[in-house]
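Undergrad: Have a look at the structure that comes next, please.
Readers should treat all values here as calculations from the given coordinates under stated rules, not as data from a laboratory. The shown structure was predicted, so the numbers you read here are calculated from the model rather than taken from an experiment. Backbone-built Cβ (ideal geometry, glycine too); neighbour counts: all protein chains shown.
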Amino acid sequence: MRIIRAADCKVMPWKNGGGTTTEIAVSPEGASLSQFDWRISMAHVGADGPFSSFPGIDRTLSVLTGNGIRLAFSDAETVALDRATAPFFFAADRAVDGVLVDGAIDDLNVMSRRGAWRHRVERLSGAGSLAADQGLLVLVARKGDWLVSGASLAAGDSAILDAPGHVELTVVSGDEAELYAVWLTAS
């Protein structure tokens, strides 16, 4: 298991000035935005605007903080996301505008190259056990302090586990503990 501390993550401002992205992990390591196989990041979205298009990429978006965002797709589909909604999966090459609901948000973005990798994201709020039968399991601690098979994760820290593998999750502190599990599997 590899631990990634929040302080070691790279923060990058957006070209349009509408927010920042904190890169948690990318494969291959150091890959550019046009060459990654998969990427996990958090974004601070401070203004309405179009999402960047990522041809051939699938994306899952989860709202971490704030009152939410409305996704307005060019084909007229509209989806409202907030803290209570499940992580939302969509093609990252669909044209979409984000409209904030009463202020800025922070979100978790998981992206994978279609046809090469698949991903699934789940929000967890308590102790349990998880398995990675194939590929990778990435854990992103959002709130509270966690023990992941004995390794300590504070809010903002992440862990990457290669398959096959199994982890035991324990909440050490935090009334509203929250952790995101991301399963990444080669197609």
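Undergrad: List every residue whose amide H lies under 5 Å from the amide H of PHE36, counting only residues 5 or more places away in sequence or on a different chain, with H placed 1.01 Å from N in the peptide plane.
TA: Residues meeting the amide H criterion: none.
Undergrad: Exposed loop GluC sites (Glu not before Pro) only (DSSP loop, at most 12 other Cβ atoms within 10 Å): please give the longest stretch of the chain free of them, not including the sites.
TA: Here the longest segment lacking exposed loop sites spans 78-187.
Undergrad: Now for a different question. Whole percent per 5 Å bin, from 0 to the bin with the longest distance: what is P(r) over all C-alpha pairs of the stretch 1-155?
TA: Computed distribution, short to long bins: 2, 8, 17, 22, 22, 16, 9, 4, 1, 0.
Undergrad: Additional query: Over 5 Å intervals from 0, what percent of Cα-Cα pairs in the stretch 82-146 sits in each interval?
TA: 3, 10, 20, 22, 21, 13, 8, 3, 0
Undergrad: For the chain, with a Gaussian network of springs between Cα atoms less than 10 Å apart, report the residue from ASN109, ASN67, ASN16 with the top mean-square fluctuation.
TA: Taking springs between Cα atoms under 10 Å, the residue moving most is ASN16.
Undergrad: Can you give the Kirkwood hydrodynamic radius for the stretch 118-186, in Å, rounded to one decimal and based on Cα pairs?
TA: Result for the stretch 118-186, one decimal place: 11.7 Å.
Undergrad: Could you check which residue among GLY150, GLY56, GLY66 shows the biggest mean-square fluctuation in a GNM of the chain with a 10 Å Cα cutoff?
TA: With Cα springs under 10 Å in the chain, the top fluctuation among GLY150, GLY56, GLY66 is at GLY150.
Undergrad: Ok, one more. Excluding the sites themselves, what is the longest stretch of the chain that contains no trypsin sites (Lys or Arg not before Pro) in a DSSP loop with at most 12 other C-beta atoms within 10 Å?
TA: Value returned for the longest uninterrupted segment is 16-187.
Undergrad: Still on this structure: Anyone know which of VAL148, VAL79, VAL110 comes out most mobile in the 10 Å Cα GNM of the chain?
TA: Maximum fluctuation in the GNM of the chain, among the listed residues, is at VAL79.
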